[in-house]
1. If you find the alpha carbon centre of the range 68-128 and of the range 1-28, how far apart are they in angstrom?
2. Just add up the charged neighbours of residue 72: K/R +1, D/E -1, any other residue whose Cβ is under 12 Å from the Cβ of residue 72.
3. For residue 63, project a label point 7 Å along Cα to C-beta. Then give me every residue of the range 125-149 with its amide nitrogen under 20 Å of that point.
4. Hey, rough spin-label estimate for residue 28 and residue 5, points 7 angstrom out along Cα→Cβ, what's it come to in nanometres?
5. Applying a 10 Å radius around every beta-carbon, put 157-164, 213-220, 142-149 in order of their mean neighbour count, most first.
6. Between rounded, prolate and oblate, where does the chain land on the alpha carbon gyration tensor, with a ≥ b ≥ c its root eigenvalues, rounded for a/c under 1.5, else prolate if a/b exceeds b/c?
7. If you put +1 on each Lys and Arg Cβ and -1 on each Asp and Glu Cβ, how big is the dipole of the chain around its Cα centre, in Debye rounded to 20?
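Taken together, the values in this text are just the output of simple stated rules run on the coordinates, not laboratory data. No experiment lies behind these values; they were computed from the predicted model shown. Positions of Cβ are generated from backbone atoms using ideal geometry, with glycine treated the same way; all protein chains shown enter the neighbour counts.
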Amino acid sequence: MREPVHFLPILTTIIALVFAPIVYRRWKERKSGLHLLWWAIGIWLFGLGTFTEAWTTLFGWNEWIFRSWYVSGALLGGAPLAQGTAYLLLPRKVAHTFATILILTVIAGATVVFLAPINYELVELHRLTGRVIMWPQARLFSPFINTYALIFLVGGAALSAWRFRGLPEAHNRVVGNTLIAVGAMLPGIGGAATRFGYTEVLYVGELIGLILIWIGYRYNVMPGVQGSPVASVPAGDTAEVGAPAG
């Protein structure tokens, strides 16, 4: 049975499709900064995950839509955004190494997900849940990837907010990165809830989380007080660790 909350992914998908090009254009304009490219990809993949949820709400359960949902959500929900932050926090060679490990892990996890048999008795017509996957091995990849996302995406935003605490001219950066840290956690909390059958929590967390990230982004690109150290730092660089910039 469809409830109003099941239609939230439609709105989340629209927001992601508007937000992602903003970050991508920023990357194209700067012609540098792999973090911006990873963030743009991350927001687009976030939207892909919510698109599969919207599809299921509107048209019903489909096996390949479900498998795509699991890969785009459990394996790619926050990973590209986190990798973008890794390129800001770490030396490029180290970030490259982490990116390679992340990509290989996602490929391995996606392979297992697309090969795993489905328990069709647990399938719900308009509701997605990972419980239908019969191979427990499919669930072994997401904790590693989600921990990685937590450390760099949430941790990076929190670190940036901490760096600028107490500086009046950096108030926007503190607020922006705090919002991003909170917004990044909400889909993760929702994802954990789906393990217990509460997919609706995920839908709410994704929508509110993405909105908070976008608001945080808007705060981060606001100029600081002219003549202050913060105002002299280009938007999208280390002053905005963890925040998509555009």
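1. Value for the Cα centre distance between the two parts: 19 Å.
2. Details: positive: 67; negative: 53, 206.
After counting each charged neighbour, the total is -1.
3. So the set is 125-139.
4. 3.9 nm
5. Details: 157-164: 20.5, 213-220: 22.5, 142-149: 18.4.
Per-residue Cβ counts within 10 Å, averaged per peptide and sorted highest first, yield 213-220, 157-164, 142-149.
6. Values: a/c = 2.29, a/b = 1.75, b/c = 1.31.
Verdict is prolate for the chain.
7. Values: 17 positive and 11 negative charges, 130 e Å.
My answer is approximately 620 debye.
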